[in-house]
Amino acid sequence: MAKDTSDCPSPAQAPVLLTVCTTCRRDGVDPEAPRPGALLLQALSGTDLPQGVSVRGVECLSACKRGCAMILSGGATRWSYIYGDLDPDQHLAEILEGAAAYAATEDGLVPWRERPQVFRKQSIARIPPAPLPDDSPSQE
Ligand code: FES
């Protein structure tokens, strides 16, 4: 029997989420100044995000030595990415560009040359999509 997927968004329409750590410190930044991640979250929240993209803040992504850090994720079929060493003064436009390209994919895999430099050079890790119902565990 075929599954009814009429209420499910197509993978390229699944919401994309930017999750920004608001508590990271950065080398060379005054410890009493607002945290760079809080500034990045504020900048992203105050701009026109690409269609289907939203943003939220969290406290700590366990990438503290690479702050400020952010996750790019989007639904059950897309790869997720963790980026670090982000600078809210330098990387806002590239993050928006990269999020738009990511949102246009079904699997989260934007061709390397089409990724903004910050996404090419400052990726900490990528995380595979959640298993699909048709996935079967490998037998080894
Ligand atoms: S405080 Fe930002 S990743 Fe830990």
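The values are calculated or read from the model by the stated rules, or taken from the named source; none is laboratory data. All values derive from a computational prediction rather than experimental measurement. With ideal geometry, Cβ positions are generated from the backbone for all residues, glycine too; neighbour counts draw on all protein chains shown.
With respect to (1) within 21 Å of residue 14 (Cα to Cα); (2) surrounded by fewer than 18 Cβ atoms within 10 Å (Cβ to Cβ), the lone exception for residue 115 is condition (2). Of everything in the range 33-57 that is loosely packed, with under 13 Cβ neighbours inside 10 Å and within 16 Å of the ligand (Cβ to nearest atom), the residue that is modelled with the lowest pLDDT is 33.
Residues in the range 63-72 that are more than 9 Å from the ligand (Cβ to nearest atom) and crowded, with 21+ Cβ neighbours inside 10 Å: 70, 72. None of 60, 21 is within 16 Å of the ligand (Cβ to nearest atom), surrounded by fewer than 14 Cβ atoms within 10 Å (Cβ to Cβ) and at pLDDT 95 or above except 60. Listed by first and then second residue, the pairs linking a residue in the range 43-60 that is farther than 20 Å from residue 105 by Cβ and touching a residue at least 40 places away in the same chain (Cβ under 8 Å) to a residue that is of a type outside the set (Ser, Thr, Tyr) and in a helix (DSSP H, G or I), with Cβ atoms under 6 Å apart and 6 or more places separating them unless they lie on different chains, are 43/92.
On the stretch given as the range 81-104, residues that are of a type outside the set (A, V, I, L, M, F, W, C) and within 15 Å of the ligand (Cβ to nearest atom) total 6. Scanning the range 96-106 for residues that are in contact with a helix residue (DSSP H, G or I) (Cβ under 7 Å, 6 or more places away or on another chain) and either assigned to a loop (DSSP other than H, G, I, E, B) or touching a residue at least 60 places away in the same chain (Cβ under 8 Å) (or both) returns 104, 105, 106.
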